[in-house]
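The values are calculated or read from the model by the stated rules, or taken from the named source; none is laboratory data. Treat the numbers as computed from the prediction; the structure is a model and nothing was measured. All Cβ positions, even for glycine, are placed from backbone atoms using ideal geometry, and neighbour counts span all protein chains on display. Ligands, DNA and RNA are stripped out before the accessible areas are found, and what is left, the full protein with its side chains, is counted by its heavy atoms. Shrake-Rupley method; radii C 1.70, N 1.55, O 1.52, S 1.80 Å.
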Amino acid sequence: AFEPYPPNIRQLKRNLSYNAAESDYDILDVALSDSHGSINFTSPDDDPGNQTGNISPTGESIEVEAITGDELVDGGSVPSPTVVKIDVEGAEPLVIDGLEDSLNNSSCRLLYCEIHLPTEYRPSVETYGESRESILRKISELGFDIVYNEMRGNEVHVKAKK
């Protein structure tokens, strides 16, 4: 799991300790993005899992480390993924661009993605110059067939497989 926000990391570790042996998981305290370096991460409060924390070009924020998923795979830090879930509160374009080689690899057989559309309380894919349609097109161009594509509020839930 990749989680850059310290309160969420603590909560995730607590939750996992109830449900899995410590050797069953790894949590990397970085944000997946389309580049390597420091980025701004915003959360309106310290409430873990509040579904509003995000990579943010504006607003009060903390600096967190970002890296591309492909860089982690190429460097041997993580195995090439076979299943990927992306839920990053609007920064989906950044994560997909930074995972392009891994997602394009035939071993990556399943992708779940929440596409976040505009709201007043967080960035959306439009913040990064994309739309629902352009993200779905990117997923298809990476060799995935979209088998589920449904709206739930201001989110599009996508399941894609090869």
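Scanning region 141-162 for residues that are open to solvent by 60 Å² or more (accessible area, probe 1.4 Å), charged (D, E, K, R) and not in a loop (DSSP other than H, G, I, E, B) yields Glu141, Asp145, Glu150, Arg152, Lys159, Lys161. Note on region 4-34: residues that are in contact with a Pro (Cβ under 8 Å, 6 or more places away or on another chain) and of a type in the set (D, E, K, R) amount to 3.
Of all residues in region 68-112, those satisfying the criterion of being closer than 15 Å to Lys159 by Cα and either in contact with a Leu (Cβ under 6 Å, 6 or more places away or on another chain) or without any contact (Cβ under 8 Å) to a residue 12 or more places away in the chain (or both) are Val83, Val84, Leu103. Among residues of region 1-30 that are under 17 Å from Glu65 (Cβ atoms), those with a Cβ under 9 angstrom from a residue that is surrounded by 13 or more Cβ atoms within 10 Å (Cβ to Cβ) and of a type in the set (Lys, Arg), sequence gap 6+ or separate chain, pair up as Ile27/Lys13.
Test Lys161 against the stated conditions and say whether it is more than 14 Å from Leu32 (Cβ to Cβ) and in contact with an Asp or Glu (Cβ under 7 Å, 6 or more places away or on another chain).
On the way: more than 14 Å from Leu32 (Cβ to Cβ): yes; in contact with an Asp or Glu (Cβ under 7 Å, 6 or more places away or on another chain): yes.
Criteria met by Lys161.
Give the number of residues within region 2-43 that are within 20 Å of Glu89 (Cα to Cα) and of a type in the set (Gly, Ala, Ser). Walk me through how you get there before you give the answer.
Initial filter on region 2-43 (within 20 Å of Glu89 (Cα to Cα)): 2-12, 27-43.
Now restrict to residues that are of a type in the set (Gly, Ala, Ser): 31, 33, 35, 37-38, 43.
The total comes to 6.
Taking region 89-140 as the range and being under 22 Å from Leu72 (Cβ atoms) and surrounded by fewer than 16 Cβ atoms within 10 Å (Cβ to Cβ) as the test, the residues that pass are Asn104, Ser106, Ser107, Arg109, Leu110, Tyr112.
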